[in-house]
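Student: Below: one structure in structure tokens.
Values in this text are rule-based calculations from the coordinates and carry no lab data. A quick note: this is a predicted structure, and the numbers were derived from the prediction, not measured. Ideal geometry is used to build each Cβ from the backbone, glycine not excepted, and the neighbour counts take in all protein chains shown.
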Amino acid sequence: MSRVCAICGKGQMTGHKVSHSNRKSNRAWKVNVQKVKIEIDGKQSSQYVCTRCLRTANKND
């Protein structure tokens with residue numbers, strides 16, 4: 001599964017996990033995407049959408 005929002009394009013971010021002794025190792029922050037049925041250009045399709053876009057879409061309804 002590609003963890004990328006179909007609406008805004010939000011995806012995974014990377015950075016460092018920092019221990020108490022200040023050692024750094026790589027880590028990733030994954031985006032919270034849900035599989036929903038949305039209408040794009042008049043056609044219904046099942047896409048991955050981030051929860052922020054879902055909240056915005058529900059607010060506009």
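Student: Could you give every pair whose Cβ atoms fall below 9 Å, whose first residue belongs to the range 19-32 and is free of Cβ contacts under 8 Å to residues at least 40 places away in the same chain and in a loop (DSSP other than H, G, I, E, B), and whose second residue is among the hydrophobic types (A, V, I, L, M, F, W, C) and surrounded by 10 or more Cβ atoms within 10 Å (Cβ to Cβ), counting only separations of at least 6 or pairs across chains?
Tutor: What qualifies is Lys30/Met13; Val31/Val4; Val31/Cys5; Val31/Met13; Val31/Cys50; Asn32/Cys50.
Student: Starting from residues that are among the basic types (Lys, Arg) and closer than 16 Å to Thr51 by Cα, keep the ones in the range 7-38 and report whichever is surrounded by the most Cβ atoms within 10 Å (Cβ to Cβ).
Tutor: Per the stated criteria, the residue is Lys10.
Student: Can you name every residue in the range 1-46 that is of a type outside the set (A, V, I, L, M, F, W, C), more than 24 Å from Asn58 (Cβ to Cβ) and touching a strand residue (DSSP E or B) at 6+ places or on another chain (Cβ under 6 Å)?
Tutor: Residues satisfying the conditions are Gln12, Thr14, His16, Lys17, Lys24, Ser25, Arg27.
Student: Does the range 9-17 include one or more residues that are at positive phi, out of contact with any helix residue (DSSP H, G or I) (no Cβ under 6 Å at 6 or more places or on another chain) and charged (D, E, K, R)?
Tutor: No, there is no match, as no residue in the range 9-17 is at positive phi, out of contact with any helix residue (DSSP H, G or I) (no Cβ under 6 Å at 6 or more places or on another chain) and charged (D, E, K, R).
Student: Give the residues of the range 33-61 that are part of a strand (DSSP E or B) and of a type in the set (A, V, I, L, M), sorted by residue number.
Tutor: Val33, Val36, Ile38, Ile40, Val49
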